[in-house]
Amino acid sequence: MSISIYIAAPFSLQLVGRQVRDAFARHGIVSTARWLEEEPSLEKTISHAQRCFLGHMDLFDVRRAQGLVLLNPEEYREKGTGGRHVEVGAALAVGNPVWILGVRSNIFHWGEGVLDVWEGPSLDHVGECARAIKDSLWDYEQKPKFEVTS
């Protein structure tokens, strides 16, 4: 069974997200993030019902992954709609670890569930991040090593 991650990023970085997904695939790590295949123009033209459906789909994809990789470059520290931060919170809430390719930009990025952070261009660090993901997950089928404690 392969390792699965959800890739969270600003929608405007969808192309970079696809490149990162493809780079992880070369390391045997698959992405559950179906938003990466959405039509880029979709962001501005969808109905309320479609937005609700896509939000539920994204959260489902976060939950079915073994961990989450956040693409959060410096230039997006305070930009975007915040969907990626909701996805990070959802991953942490179900006990899945998070790895950041970019910078920490909110309080939850310093918590115990965020295992590693690599600053700089995302593609430069995929290999290191892939090794960290493989080292961190003891069970490639579902359960991460760490547990959320109160």
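The values are calculated or read from the model by the stated rules, or taken from the named source; none is laboratory data. The structure displayed is predicted, hence computed values, not measured ones. Reconstructed Cβ throughout: ideal geometry from the backbone, glycine too, with neighbour counts over all protein chains shown.
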Checked pairs for region 27-38, first farther than 10 Å from GLY17 by Cβ, second outside any loop (DSSP other than H, G, I, E, B) and among the aliphatic types (A, V, I, L, M), C-beta under 6 Å and 6 or more apart or across chains, list as HIS27/ALA130; ILE29/ILE3; ILE29/ILE5; ILE29/ALA130
The residue that is farthest from VAL69 (Cα to Cα), considering only those in region 5-18 that are touching a residue at least 60 places away in the same chain (Cβ under 8 Å) and either under 10 Å from the mean Cα position of the chain (by Cα) or buried (at least 20 other Cβ atoms within 10 Å of the Cβ) (or both), is LEU13
With the first residue restricted to region 87-108 and required to be closer than 23 Å to PHE60 by Cβ, and the second required to be of a type in the set (Phe, Trp, Tyr) and in a loop (DSSP other than H, G, I, E, B), Cβ contacts under 7 Å at 6 or more apart or on different chains are PRO97/PHE146
Out of (1) surrounded by fewer than 19 Cβ atoms within 10 Å (Cβ to Cβ); (2) in contact (Cβ under 8 Å) with a residue 12 or more places away in the chain; (3) not β-branched (Val, Ile, Thr), the one GLU75 does not meet is (2)
Looking at region 16-31, can you tell me whether even one residue there is over 17 Å from CYS129 (Cβ atoms) and modelled with pLDDT under 95? no
